[in-house]
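Following: one structure in structure tokens, then a few remarks.
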Amino acid sequence: MGDFNVTRLGTEHTSSRIVTKAMDDFNIVVQTAELEDLRITGLFYMWTNMRSGTGAISKKLDRAMGNWHWFKSTGDTYAHFHSPGISDHSPVTIHMRNRQQYRGRPFKFLNYWAKSEKFLQVVSQEWAKDHTGSPLAAIHKKLQCLKACLKEFCTRPDSKVVDLRAHPHQLQLDIQGDMVTPSTLEQERQVRPKVASAARDEEAFFKQKSRIQWLKEGDTNRAFFHMAVKVQQSWNHLVRIKDENDAWVMEEAEIAQVGVNHLTKLLGTVGRNVGRECNLFGYDKQIADEHKTSLGCPISTQEVKAALWSPNPYKAPRPDGYNGCFFREA
């Protein structure tokens, strides 16, 4: 952290978009060290002001960055840039996020569950149960009841992999220590596929959490996905927010209440266009006759399947925790 005396991107300069050799060299160093910019708060005084013949020029020379080990060990830290005073540089401080009390996690469907041999069996058993109410209400109740069954599957494959890897490691130590027996060799042979399968589940788990779409599984990318998850969690952390009185709020419970108050006020008001008449006389554009006919046709199975297959299986889930992968596989 500090004054690096060079920008990284053309957009970090108010009067020029040219990428210089110094910028390329700086970016190579940043990428080689696997550095990521820390979350920034403050009044953004990290833009250093300089005077020229044409007026003031601002460049982003001050910054704070962290590598994978930093995000892994410190979690959701952020850099706060203070007022520069009479200087053209801003003092910067690194703030550590207080560990909040664990309140449980909302249900989210994990895509690797669908690869389990028990997945379709569990879904079928729950789907065969009868629920009172309309068909839509029955589907909602089935999805709600299914959550408890799916939660019995492993929700943290990374911890499972650690335990499984310890077993073959001990067996291999016994083999290397001249404690070779037919049973030891057989156990080592049988545990290898289990470790490989658990490692694939771990990779799929972190890929889904990372929201990275351009990189596929299958090339042992779990370390990269894990790093991306940590960085994303740090960026998604709300440090502070302004309330309706334009005052900064920093406590987690108070930040949540500001959001609730804002949405309550927003959704509790009547829209300006509600009740206003719309005059469409003289509007000559109409739907073609063949389209009018298709609008009244019964919905086909193909249309339903196309709708279920349209969401990206790796995108964020719906409010109930189910994503496109669940509906495809089930």
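Sorted by packing (mean other beta-carbon atoms within 10 Å per residue), highest first, where do 81-91, 17-27, 280-290 land?
With the highest mean Cβ count within 10 Å placed first, the list reads 81-91, 17-27, 280-290.
Put +1 on the Cβ of every Lys and Arg and -1 on every Asp and Glu Cβ in region 107-148; which of 110, 139, 128 then has its Cα farthest towards the positive end of the dipole?
Among 110, 139, 128, the one farthest towards the positive end of the dipole of region 107-148 is 110.
Starting from the Cα-Cα distance between residue 27 and residue 1, subtract it from 0.36 nm times their residue separation and give me the gain in nm to one decimal.
7.9 nm
Among 310-321, 128-139, how do they line up by average Cβ neighbours within 10 Å per residue, starting with the highest?
Packing order, densest peptide first, comes out as 310-321, 128-139.
Ranked highest first by average number of other Cβ atoms within 10 Å, how do 119-126, 240-247, 57-64 line up?
Ranking the peptides 119-126, 240-247, 57-64 by packing returns 57-64, 119-126, 240-247.
If I model a spin label at residue 262 and residue 139 as a point 7 Å from the Cα along the Cα→Cβ vector, what separation in nanometres do I get?
3.3 nm
Assuming R0 = 56 Å, can you tell me the calculated FRET efficiency for the pair residue 320 and residue 190, based on Cβ-Cβ distance, to the nearest 0.05?
Plugging the Cβ-Cβ distance into 1/(1 + (r/R0)^6) gives 0.90.
Read-outs throughout are calculated quantities, based only on the coordinates presented, and are distinct from any laboratory measurement. Just so it is clear, the structure is predicted and the values come from calculations on it, not from any experiment. All Cβ positions, even for glycine, are placed from backbone atoms using ideal geometry, and neighbour counts span all protein chains on display.
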